[in-house]
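**Q** Got a structure for you, written out below as structure tokens; questions coming shortly.
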Amino acid sequence: MISIQYDPNLLLTRSSPDLCVDSFRDYLLLYQKLLEAIPKGQSLTVVIQNGVIHEWLKKMAVRYPQGTFVFESVDARSVLAKQWGVEVPPSVSNQEILQLNLLALHLTPQPGFSFADILLAHFYAPIFTSKNFPQTQITVLLNAVDPQRWAENRRSYLLWRTLDERIEAWRQKADSVDQRRLIEAFAADPGALKRQLMAFRVLRHYPSLGANLLKEWFELFLGLKLSLDDLEISEDAIADVVTHVNYWLNEQKVDSADNLLALIESVSGLLRVEFDTVEKILRDHPEWASKEIIDQIEEKFFSLHKRLSRRIAALRVLIQPPKPFLPQADWGVDQMLHWLEEAYFPYQAWCDAQEQFDNGLYSIGDRFSEWLLDHWEDLRANSKRMVFNFLPNIAADLKQGGMVNLVLVIDNLGWSYAEMLIDRFQQNHFFLTSIEPYFSMLPTETEISKKCLLSGAIGYQMIDDKTYQGIIEKGWVPYFNHHDFRYLSDIGKLAAIKTIDALVYVVNYLAIDKALHQSKDELGISHREHIRHLLENLVNNCLEFVEKHGLQEKLRIHVISDHGSTRIPTEINNDLNLSIFKSEGFRLITPRLVAVSQNRFAQLVDNLKVDCFFLPANDFLLPEPMLCARRANRFVPTNRNTYVHGGLLPEEVVVPYLLFEPIGIPIQNLTVLLHTDQFRYRLETVELEVGNPNHQAVENISILILNGNVECEPIRIKALRGKTKTNVRFNARFRQTLNAEDQSNLRLHVRFSARGEPYVFDTSLKITMKKMVEEKTSTIFFIVIFKLVSNTYGSPR
């Protein structure tokens, strides 16, 4: 059989036929082959591209028995139908297919897709394959509109006709007149509809403004119960709305914390001007700041989390924690550290940030100082919480193959500054995996405490090589089987490293200490803001090191400090007679610390211990005896503009150890289960089990029911620890609906934050809706009716 395929548009591949003929010269060769093949009964497949030659072959075929020649005209419609495995509608022409170059797309259509579905999914977006208007995914639909791509698609009548037919089908199947109007608005101008819905998402929190600005569309959108939580707000696109909201905010009279809470509850939480207003009110009335109010602000402005997280954190500093109670002398180490973290440090950090110095706090801190000296020998011998234990404690991590360790020794990093580092590293995908308190060496002075930290020596007298580089590279390299340690005297030297040839890089960072010893006037800004900038630069240097050497998945960052510091204003009483320490035998080291000659130390009177702590050289393995000032005492005048250290207050002694790791495991969505899946059309109690499958805790969980026939307030869960679950019960009113999806599914919109990032997902839980009165009656039903009739009319005879 001779198969003649007429393919004037070159739609078939040249590799499949036996012969392709596109010129009269080729026809002579073809004719000769046909004369040879027909008598022998050979089969040939020939592709003809020239119409004249195709007609000649038809005339030739007449001379031979029927069936010798089989003619097939190859067009774009037939090739495309075979290629995609779908039926091409009769209204689609070959020219339209060729114009769009559909044969070259090499698409793999989804099972069940029609020709129109394939075009819509590829040239517009998959959501346009929906047979019904995707009202529950209105945000996805609007975001799928690409004006530039749509303008290009308009050049093809086939594409524009296909989209128009799909939208018209949606309109014809609309559930209600309001939904039909929504579809028509989308068809007319999707960009304008998106701006209207942005405005509505804000204005539904301001009903009077909504009615004035959106007119009849406001009530229409309200009635449709649209899910718009994922619709991002462009303030520039709704500038008139922002202006009118600003007018409204300026008219509000807020004269109490309760009124402020009410205002926070009433705003949309979607506009920066709303936050600006709330922030200003709170800063004007810092006494109103409370955990409840700040939590409410954080929850309300969840969608602006990335832009406002720092400002919200600054507001949280306004909250005055309760004043710490006195610690007890018989407490163990863990109990004392718990008190410090939960009671002392929050209050002390607040006092420092607000510059509200509490004279009584120095006395409370002194009780800790007494406890520290009483337990010093035991701590040094057994606790593993001294800074000289730091490197031995993490030795196993430092020796782990395949990982590089960056150890940042940040001089004078107090506990209250740890949060700044945590935020900055987590914003750049290095997440806190451990935070532990360590005790500084005594006294809290860099020369002693830092060198003990780096050497692992239990006291200054035990250190052989007093240089930092010698301590690190000579002391620790042999311990780690000669895997090199590198000591870097400042963070800038990270940039000079050309290749990674060590397991551990130890960086000595002094900028924080230098800043704290300068006055606020010298810095030009507050110490806290200056330190924030310094820590940001420190993190940026670390990130450049990471990127330069491709360490995104194999670098651990350890942060430790040698000591902290405190501020003591001039007006705080000083119990020391400063003239004593100006005499011979005393050498000032810091405003809180003096070295004493051995002879002079032996002559000190015991009653001086009321105002100073005595540190004998041999007992504390010091180079010479020393005196530490107690409470708020100091050996030279101080003021609130600079920080000092050398004493034994908690903020001078206790420092944080932070471990950051590049967690490559993505955050998983929360699990949500229903305890019962059967409900009636009435007010029902719903119980959900919400689980966190991640190792990390998640926060600010919000669950919103999307069903248009269900009335319910959003469900809130403040936090959920990793690998745990919780049950939440709430009331929801189910109303009858013709929407089949709402009858069989409880659709949920879930938001939460983890690692400082917001996460959003939707889930659908199968439900069964029952009528209030079942059609199938029961014996009990008849008994009840019988008794009612009997009581009313008497028993039937």
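**Q** Mind checking which pairs have a first residue in the range 741-763 that is within 9 Å of Asn707 (Cα to Cα) and open to solvent by 10 Å² or more (accessible area, probe 1.4 Å) and a second that is in a helix (DSSP H, G or I) and of a type in the set (Ser, Thr, Tyr), Cβ under 8 Å, 6 or more apart or different chains?
**A** Hits for this filter: Glu741/Thr136; Arg747/Thr136.
**Q** Further question: Hey, can you tell me all the residues within the range 350-401 that are free of Cβ contacts under 8 Å to residues at least 60 places away in the same chain and of a type in the set (Asp, Glu)?
**A** Hits for the range 350-401 are Asp358, Glu370, Asp374, Glu377, Asp378.
**Q** Are there any pairs with C-beta distances below 7 angstrom linking a residue in the range 580-600 that is closer than 21 Å to Leu649 by Cα and open to solvent by less than 50 Å² (accessible area, probe 1.4 Å) to a residue that is assigned to a loop (DSSP other than H, G, I, E, B) and among the hydroxyl-bearing types (Ser, Thr, Tyr), with the two at least 6 apart or on different chains, and if so which?
**A** From residues that are closer than 21 Å to Leu649 by Cα and open to solvent by less than 50 Å² (accessible area, probe 1.4 Å), the pairs are Pro591/Thr638.
**Q** With under 19 Å from Ile663 (Cα atoms) and open to solvent by less than 10 Å² (accessible area, probe 1.4 Å) as the only criterion, which of Leu432, Leu398, Leu391, Leu413 stands out?
**A** Leu398
Here is a yes/no grid of residues against (1) within 30 Å of the chain's Cα centre (by Cα); (2) closer than 24 Å to Ile238 by Cβ:
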position	(1), (2)
Phe275	yes, yes
Asp284	no, no
Glu287	no, no
His305	yes, yes
Ser309	yes, yes
His338	yes, no
Cys351	no, no
Glu355	no, no
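**Q** Look through the range 664-684, keep the residues that are open to solvent by 40 Å² or more (accessible area, probe 1.4 Å) and under 16 Å from the mean Cα position of the chain (by Cα), and return whichever of them is modelled with the highest pLDDT.
**A** Checked the range 664-684; the qualifying residue modelled with the highest pLDDT is Asn669.
**Q** Out of the residues in the range 520-555 meeting the condition of being assigned to a loop (DSSP other than H, G, I, E, B) and not charged (D, E, K, R), tell me which one is modelled with the lowest pLDDT.
**A** Ranking the qualifying residues of the range 520-555, first place goes to Gln552.
**Q** Among the candidates Glu687, Glu713, single out the residue that is among the charged types (D, E, K, R), in contact with a Lys or Arg (Cβ under 6 Å, 6 or more places away or on another chain) and either surrounded by fewer than 14 Cβ atoms within 10 Å (Cβ to Cβ) or on the phi > 0 side of the Ramachandran plot (or both).
**A** That would be Glu687, the only listed residue that is among the charged types (D, E, K, R), in contact with a Lys or Arg (Cβ under 6 Å, 6 or more places away or on another chain) and either surrounded by fewer than 14 Cβ atoms within 10 Å (Cβ to Cβ) or on the phi > 0 side of the Ramachandran plot (or both).
**Q** Also: Give, as residue ranges, the helices (runs of 4 or more DSSP H) completely inside the range 366-470 that count at least 2 residues that are of a type outside the set (A, V, I, L, M) and either at pLDDT below 95 or in contact with a Ser or Thr (Cβ under 6 Å, 6 or more places away or on another chain) (or both).
**A** Passing ranges, in order: 390-393, 418-427, 446-455.
**Q** Let me ask something else about it. Whether any residue in the range 610-624 is among the charged types (D, E, K, R) and free of Cβ contacts under 8 Å to residues at least 12 places away in the same chain is what I want to check. Quick ask: steps written out before the conclusion?
**A** Of all residues in the range 610-624, those among the charged types (D, E, K, R) come to 611, 619, 624.
Adding the requirement that they be free of Cβ contacts under 8 Å to residues at least 12 places away in the same chain leaves 619.
Yes, because at least one residue in the range 610-624 is among the charged types (D, E, K, R) and free of Cβ contacts under 8 Å to residues at least 12 places away in the same chain.
**Q** Which numbered condition in (1) assigned to a helix (DSSP H, G or I); (2) of a type outside the set (Gly, Ala, Ser); (3) at pLDDT 95 or above is the only one that Leu326 fails?
**A** Exception for Leu326: condition (1).
**Q** Next question. Among the residues that make up the range 407-430, is at least one of them closer than 14 Å to Val655 by Cβ, in contact with a helix residue (DSSP H, G or I) (Cβ under 7 Å, 6 or more places away or on another chain) and among the charged types (D, E, K, R)?
**A** Yes, the range 407-430 contains a residue that is closer than 14 Å to Val655 by Cβ, in contact with a helix residue (DSSP H, G or I) (Cβ under 7 Å, 6 or more places away or on another chain) and among the charged types (D, E, K, R).
Listed here are the residues, each with its yes/no results for (1) open to solvent by 40 Å² or more (accessible area, probe 1.4 Å); (2) among the hydroxyl-bearing types (Ser, Thr, Tyr); (3) in contact (Cβ under 8 Å) with a residue 40 or more places away in the chain.
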{"position": "Leu271", "(1), (2), (3)": "no, no, yes"}
{"position": "Asp276", "(1), (2), (3)": "yes, no, no"}
{"position": "Lys280", "(1), (2), (3)": "yes, no, no"}
{"position": "Lys291", "(1), (2), (3)": "yes, no, no"}
{"position": "Ile294", "(1), (2), (3)": "no, no, no"}
{"position": "Ser303", "(1), (2), (3)": "yes, yes, yes"}
{"position": "Leu315", "(1), (2), (3)": "no, no, no"}
{"position": "Leu326", "(1), (2), (3)": "yes, no, yes"}
{"position": "Glu341", "(1), (2), (3)": "yes, no, yes"}
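The values are calculated or read from the model by the stated rules, or taken from the named source; none is laboratory data. Keep in mind that what you see is a predicted model, and the values were worked out from it rather than measured. Cβ sites come from the backbone with ideal geometry, for glycine too, and all protein chains shown count toward neighbours. Calculation scope for accessible area: heavy atoms of the full protein, side chains included, ligands and nucleic acids excluded. Shrake-Rupley method; radii C 1.70, N 1.55, O 1.52, S 1.80 Å.
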